[in-house]
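Let me begin by presenting the structure, written as structure tokens, before commenting on it.
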Amino acid sequence: MDIKATLLGTIPLLAIFVIALLIERINPAQVQPLKSAGFNLLYTLLYALAQAAIVPLVSVATVVAVNAAGGGWIDLPNTGWGLLLGFLLYAFTLDFMEYLFHRAQHRFPVMWAMHSFHHSDTALNATTTSRHHWAENGIKMLTIFMLAGVIFKANSAIVGLYAAISFYNVFSHMNIRIGFGRMSFILNSPQYHRIHHSALPEHYDCNFAGLFPIFDVLFGTYRQPRAGEFPPTGLDDKKPPSGLIDAIIWPARAK
Ligand SMILES: [Zn+2]
Ligand SMILES: [Zn+2]
């Protein structure tokens with residue numbers, strides 16, 4: 001693993017985080033100490049190093065599965081209106097898989113043991129986007145991403161577009177007073193996702209969607225935010241990590 005190249009590769013994401021943190025200061029949902037974002041920025045570097053080690057290993061299994069499926073069952077078009085339709089089909093399918101995976105993360109204790117790290121942030125902001133347990137992406141690659149690779153013979157234009165819109169996730173985590181009110185079922189927003197991160201029992205197990213809340217509507221987990229509703233975030237039964245070591249061993253850590 002080229003450690004220097006991996007760390008340099010995080011610069012664009014870190015730059016996006018810094019810009020988002022500056023925008024958050026205009027109208028924050030919550031006044032936060034700077035050190036909370038500092039921890040997540042540091043963890044982003046550690047997460048990137050972990051992914052650089054894990055992804056090549058896990059990718060072998062994905063390549064084998066995709067090849068066995070003849071490179072993917074459904075060949076998506078890569079020009080004109082076909083590209084747009086293909087992209088929408090790909091994005092909706094992936095987001096549905098992300099929704100199901102997220103439900104599983106909250107449903108099964110072994111997965112919650114990891115995902116609760118993402119929810120441990122009592123100062124939800126743009127940098128929380130990369131605050132995921134280091135092993136989770138490997139599990140996603142071996143399940144939903146592998147399945148998507150088997151289903152779709154997606155061209156680089158579609159995969160690239162989907163990677164680009166995944167940055168929307170940064171917006172959804174921002175500490176800003178932006179919500180879509182009655183239109184919340186159309187697209188995720190900072191207020192909608194903040195309800196998912198809420199520490200209040202009345203908000204547990206709702207608003208799982210990544211991009212399209214229509215999946216929450218269809219499966220009964222939709223909770224439209226009320227006007228001005230920006231609840232506190234975090235876990236009610238576990239303290240936030242005290243440092244990077246604590247973050248690494250998070251699933252095995254005591255309360
Ligand atoms: Zn969650
Ligand atoms: Zn989140």
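The values are calculated or read from the model by the stated rules, or taken from the named source; none is laboratory data. As the structure is a prediction and not an experimental result, all values here were calculated from the model. Reconstructed Cβ throughout: ideal geometry from the backbone, glycine too, with neighbour counts over all protein chains shown. For the accessible areas, the whole protein counts, side chains as well, though only heavy atoms, and no ligand, DNA or RNA atoms are used. Shrake-Rupley method; radii C 1.70, N 1.55, O 1.52, S 1.80 Å.
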Shape category assigned to the range 17-77 from the gyration tensor of Cα positions, a/c cut at 1.5 = oblate
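Would you please name the trypsin sites (Lys or Arg not before Pro) within the range 1-72 that are DSSP coil residues with at most 16 other C-beta atoms within 10 Å of their C-beta?
Details: sites: Lys4, Arg25, Lys35; in loops: Arg25.
Those that pass, being in a loop and sparsely packed, are Arg25.
Exactly which chymotrypsin sites (Phe, Trp or Tyr not before Pro) in the range 143-176 are in a DSSP loop and have at most 14 other Cβ atoms within 10 Å? Write out the running numbers ahead of the final one.
On the way: sites: Phe145, Phe152, Tyr162, Phe167, Tyr168, Phe171; in loops: Phe167.
Counting only loop positions with at most 14 other Cβ atoms within 10 Å, the chymotrypsin sites (Phe, Trp or Tyr not before Pro) in the range 143-176 are Phe167.
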Which residue, Ser189, Ser130, Ser156, tops the fluctuation ranking in a GNM of the chain built on C-alpha contacts under 10 Å?
-> Ser156
Rounded to whole Hz, the Karplus (6.51, -1.76, 1.60) HN-Hα couplings of the range 33-41, x for glycine and proline = x, 4, 5, 5, 6, x, 4, 5, 5
Mind listing the phi-derived Karplus ³J(HN,Hα) values for the range 77-83, rounded to whole Hz, using 6.51, -1.76 and 1.60 with θ = phi - 60°, and x for any glycine or proline?
-> x, 10, 9, x, 5, x, 4
Cut-off under 5 Å, modelled amide H: who pairs with Ile74 long-range = Phe152, Lys153
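Averaged per residue, what accessible surface does the chain expose to a 1.4 Å probe, in Å²? Could the numbers behind the result be given before it?
Values: 12700 Å² over 255 residues.
That works out to 50 Å² for each residue.
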Placing +1 at every Lys and Arg Cβ and -1 at every Asp and Glu Cβ, with all other atoms neutral, what dipole size does the range 3-252 have around its Cα centre, in debye to the nearest 20?
-> 260
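Give, as a single signed number, the net charge of other residues whose beta carbon lies under 15 Å from the beta carbon of Phe180, with Lys and Arg counted +1 and Asp and Glu -1. It would help to have the intermediate numbers written out before the result.
Numbers: positive: Arg177, Arg182, Arg194, Arg223, Arg226; negative: Asp216, Glu229.
Within the 15 Å Cβ shell, the charges total +3.
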So the carbon and sulfur contribution to the accessible area of the range 137-255, 1.4 Å probe, in percent, is 67
Can you give me the relative contact order of the chain as a percent, contacts being Cα pairs under 8 Å and 6 or more apart?
-> 24
For the range 3-60, give the percent of accessible area contributed by carbon and sulfur heavy atoms, probe 1.4 Å, rounded to a whole number.
-> 80
